[in-house]
Each structure stands twice: as C-alpha cells, then as structure tokens.
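The values are calculated or read from the model by the stated rules, or taken from the named source; none is laboratory data. Computed from a predicted model, the values in this text were never measured in an experiment. Neighbour counts run over all protein chains shown; Cβ positions are idealised from the backbone, glycine included. Ligands, DNA and RNA are stripped out before the accessible areas are found, and what is left, the full protein with its side chains, is counted by its heavy atoms. Shrake-Rupley method; radii C 1.70, N 1.55, O 1.52, S 1.80 Å.
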Amino acid sequence: MSTELRRLRNYIDGEFRDAADGRTTDVVNPATGEAYATAPLSGQADVDAAMAAAAAAFPAWRDQTPAERQKALLKIADAFEERAEELIAAEVENTGKPIGLTRSEEIPPMVDQIRFFAGAARMLEGRAAGEYMEGLTSIVRREPVGVCAQVAPWNYPMMMAVWKFAPALAAGNTVVLKPSDTTPASTVLIAEIIGSIVPKGVFNVICGDRDSGRAMVEHPVPAMASITGSVRAGISVAESAAKDVKRVHLELGGKAPVVVFEDTDMAKAVEDISVAGFFNAGQDCTAATRVLVQESIHDEFVAALAKAAADTKTGMPDDEDVLYGPLNNPNQLKQVTGFIERLPAHAKVEAGGHRVGDSGYFYAPTVVSGLKQDDEIIQNEVFGPVITVQSFSDEAQAVEWANGVEYALASSVWTKDHSRAMRMAKVLDFGCVWINTHIPLVAEMPHGGFKKSGYGKDLSAYGFDDYTRIKHVMTSIEG
C-alpha cells in the first residue's frame, strides 16, 4: 500500500500556489531514501508572478519606518521560537539531521540572527553630512536596493534562508527566495510563518530546480541576486546577472585549512577538529576537513584523529548518540564515494572510507593521510565526512600549502604561541581565521570569503550593508 505524498506549494503574493503548469518533483528524505512529498517545479510563469508580487510590495515596505520593520522581524523571531518543533520536524525530513542537534545548534542561532537584523533595521543611516563645498550641504542616504532574488542551499536550508531574508527585509527590500530542490519543506513552512506577519508580496518562495533559479536571476525585476552554493552555480549566477548589471552576492565553496603546530594541546585539537570536520556530515563550506600537521607530531595526531573518527557515529535522526546524519542526496553520496575510490596509491585511509548501511545516504567518518598538495582530494571540495591530513615541515610551508587552493572562505590555526598565531592570521588568505577553535559563528561578525569562495558578507553589519545602496544628496543652503 503506497503512502500519499504531502504536497508542498509555492508562496506568492500572500497565498500558496501550485506551479502554473502543474509540474512537480518528488522530495526525498535522505535518511530513508524514500519520497515523502512533492514540490512545485516552477517555471517562467511562476517566477514572473513572484517577481511582480515582490515589485508591487516594495514601495510600501521600503517606506515603512525602520521601527516598523524591526517590529515585524522581532515577531518573526518570536514565531520561530514558538513553532520551533515544526521547523525542526520539517528540517529533519529535509536533511536527515539529528533531531537533538537541530534543536540545539540551529534554532537558537537562527532566532538570534533574526533579532540581530531586527536591530540593524534601525541603523539604516548615512555616514556624512556637512558642507564640503561652500553654500552646499551634502547628505548620504542608505536605501534598500529593491527586489532580491535569493537561492539557498541544501546543507542548511533553514538557517541559510534566515541569512538571506533577514538582512534583506531589515533593509527594506522585498524577497523571492528559492530553496534547493532537495530541501524545500522547511522553507515553505518559513513562508507560512513570515506570511502571517508581513504584507503580501514582501516575502515569496518558489520551489524548483536549477532552471527555476536561473529564471529568477535572469529576470529583469530583481536588483540583486544572492546565492549560497557551489562555485559552478556562483559563476553561472554572476554571468547571468552581468547581462543587466545586477548586484551579486556569492557565498560559495570552501576548503578550510586547519594548521596544527607541534605545541598545540593535541587532545583538545583532535576533539574539536573531528567535530568540526564531521558535523553535518562535513556538508559545510567551513568544515575542518583539510588538516595540515607539523611533522614532529604527525603520526601521533593521525592515530588520535583516526580513533576519534572510529568513535564518531552516524545514524538516524532520532538516535541521540549520533553526531551527524546522511549525505543529502544520491549525487552527493556518489561524489564523496568517488573521491575515496580515486585516491592515489600514496594515500592511506586511516578510518572509514565506506558507505554505512544500504538505505539512506550515510557515509562513515573518514580520515585519509599520506596526501600531497596537488592531489585531487586536497584541491577540490569533497563536502562529506572526510578529513584529509598532510604533514608540513615549518611555518612557511604550512602557509604555502594552506593558501595553495582556489577557495578562501575559512581557516584555523592551532598553537600556544600567540605571536605565531598572529603571524598566521595575517598571511592566511581566507575570510575567517579561527585560532584554537574552528567553526563558531556569531551574528555580529561577518562570514564570507575571497577567491573562488565568492564575495559579499553574510551576518553582521557588513552583511546588512550588502543589501543597501548609497545615494548622495546635495542641496544649496543659500537663498
């Protein structure tokens, strides 16, 4: 007997709608490998409707006072808290993540981030006023950019939706947001929550695939396109947006170096790095998955890290002992498996290196040593629960290898030597450098990278600024 699939719908102009042409796609729970819902496969007509709604709503939302927008965002944060269990359930179906960790590690920061941007809404101000030419007064206005087309990824569907809509709405923009085609459930629920608080058309959600996202970015209405995703997707968005000179905000891939010096507290480093590498199945662009260890402690460190991997558990969402759940989809499982299958002869799998079970998309915590700087698995993002280890001789070599990839999002340094830590923080070419920790984020600090990791910042006042434009107004003060 087949189970009827739940029907997810787009949210456009204050109402839930099917795709205009009725097309749908199945949504699969990665913990079971079975479909649990259908979602619209949105086409041009759906994108047109969402953009028209956002454009129509923009003037009134822009003209609300900052205090009114703040009030709305604070109500959204309160509603997220009140409906936390519903959000958790939707996200767990989306991703297969552990229920307990989703409750403790995602809901609190999401609510805090919304409240941070609620406060930022009241800081929409210029930075200069005065007479810079005789008889003329200059002022600077900071304004919303307009309609924002936003595309969120599948690794943190709920939290990345917050990172997109919160600064945009706070600044006075209206939003059309597309979740990944594999993880739409929590975003559709977020639309229901936000839609009950803001005017119709201010926040819209369309479900769909790459073609749906491309239609959003290419549409003439949005003034800005924002994406969190792969480098390939980011390049495509930038190329499309360039045709009509849209603003672009890109948070793309990462290959974070974790540089461990011989004077580190090894027990703490191993524990923290293993968690930061395996959390969320390593599906995090800042994950601690590329470890460089000073040669004098290399063997001891690898043995300890392999033991930590062996002690780390993956499994079903309701298992309280697991650190992470499945990979998000069969393509991602194939990608991770392929990296391990293609390892060069000089590499050694110290732990894991295999699928777990035959249902769902689970992969064992994996540690690989003996790698060289030009190996595929060092240069390219795996996006899975795989930690690689290289041995370096001195600080100069550590810096060369750490910076020797195309990504530049996040990094960490592990040492008791403060001067060395500060030297490394200066020369590491990454948007974030953690010292004796890896992966903590706070709403007040910016998150974003360099090189092929993209440009623009999430979180912080810098992220808020990205959703604004600057206007100079000059007036004569003479009669």
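So the check is Cβ under 8 Å with 6+ separation or different chains; which pairs have a first residue in the stretch 368-380 that's more than 19 Å from Gln294 (Cα to Cα) and open to solvent by 40 Å² or more (accessible area, probe 1.4 Å) and a second one that's of a type in the set (D, E, K, R) and in a loop (DSSP other than H, G, I, E, B)?
Glu376/Arg342; Gln379/Lys255; Gln379/Glu406; Asn380/Lys255
Evaluate the following for Lys255: is it of a type in the set (Lys, Arg), outside any helix (DSSP H, G or I) and either open to solvent by 10 Å² or more (accessible area, probe 1.4 Å) or under 30 Å from Thr95 (Cα atoms) (or both)?
yes
Please specify each residue of the stretch 258-289 satisfying the condition of being β-branched (Val, Ile, Thr) and either outside any helix (DSSP H, G or I) or touching a strand residue (DSSP E or B) at 6+ places or on another chain (Cβ under 8 Å) (or both).
Passing the criteria: Val258, Val259, Val260, Thr264, Ile273, Thr286, Thr289.
With respect to Lys426, determine if the residue is out of contact with any Asp or Glu (no Cβ under 9 Å at 6 or more places or on another chain), closer than 17 Å to Ala398 by Cα and surrounded by fewer than 21 Cβ atoms within 10 Å (Cβ to Cβ).
Considered against the rule, which asks whether it is out of contact with any Asp or Glu (no Cβ under 9 Å at 6 or more places or on another chain), closer than 17 Å to Ala398 by Cα and surrounded by fewer than 21 Cβ atoms within 10 Å (Cβ to Cβ), Lys426 comes out as yes.
Can you confirm whether Val389 is out of contact with any Lys or Arg (no Cβ under 9 Å at 6 or more places or on another chain), of a type in the set (Val, Ile, Thr), under 20 Å from Val270 (Cα atoms) and part of a strand (DSSP E or B)?
no
Looking at the stretch 204-226 only, could you name the residues that are part of a helix (DSSP H, G or I) and open to solvent by less than 30 Å² (accessible area, probe 1.4 Å)?
Ser212, Gly213, Ala215, Met216, Val217
How many residues are surrounded by 15 or more Cβ atoms within 10 Å (Cβ to Cβ) and assigned to a loop (DSSP other than H, G, I, E, B) when one looks only at the stretch 121-146?
4
Among the residues of the stretch 437-455, is there at least one that is closer than 30 Å to His354 by Cα, in contact with a Phe, Trp or Tyr (Cβ under 6 Å, 6 or more places away or on another chain) and either open to solvent by less than 10 Å² (accessible area, probe 1.4 Å) or β-branched (Val, Ile, Thr) (or both)?
yes
Tell me whether the stretch 149-160 contains one or more residues that are modelled with pLDDT of 95 or more, part of a strand (DSSP E or B) and either closer than 21 Å to Gln332 by Cα or not polar (S, T, N, Q) (or both).
Checked against the condition, which is being modelled with pLDDT of 95 or more, part of a strand (DSSP E or B) and either closer than 21 Å to Gln332 by Cα or not polar (S, T, N, Q) (or both), the stretch 149-160 yields at least one hit.
Quick one: which of Gly201, Gly282, Gly229 is within 24 Å of Asn329 (Cβ to Cβ) and open to solvent by less than 10 Å² (accessible area, probe 1.4 Å)?
Gly282
Return the total of residues in the stretch 322-367 being among the polar types (S, T, N, Q), open to solvent by 60 Å² or more (accessible area, probe 1.4 Å) and out of contact with any strand residue (DSSP E or B) (no Cβ under 9 Å at 6 or more places or on another chain).
2
Scan the stretch 344-361 and report the pairs whose first residue is β-branched (Val, Ile, Thr) and whose second residue is in a strand (DSSP E or B), with Cβ atoms within less than 9 Å and a gap of 6+ or a chain change.
The qualifying pairs are Val349/Thr366; Val349/Val367; Val349/Val368; Val349/Ser369; Val356/Thr314; Val356/Phe362; Val356/Tyr363.
Show me the strands (runs of 3 or more DSSP E) found entirely inside the stretch 1-92 where at least 2 residues are closer than 21 Å to Asp209 by Cβ and either at pLDDT below 95 or of a type outside the set (Phe, Trp, Tyr) (or both).
10-12, 24-29, 34-40
Under 8 Å between Cβ atoms, which residue pairs at least 6 apart in sequence (or on different chains) link something in the stretch 288-313 that is of a type in the set (Phe, Trp, Tyr) with a partner that is open to solvent by less than 20 Å² (accessible area, probe 1.4 Å) and in a helix (DSSP H, G or I)?
Every condition considered, the pairs that remain are Phe301/Ala269; Phe301/Val270.
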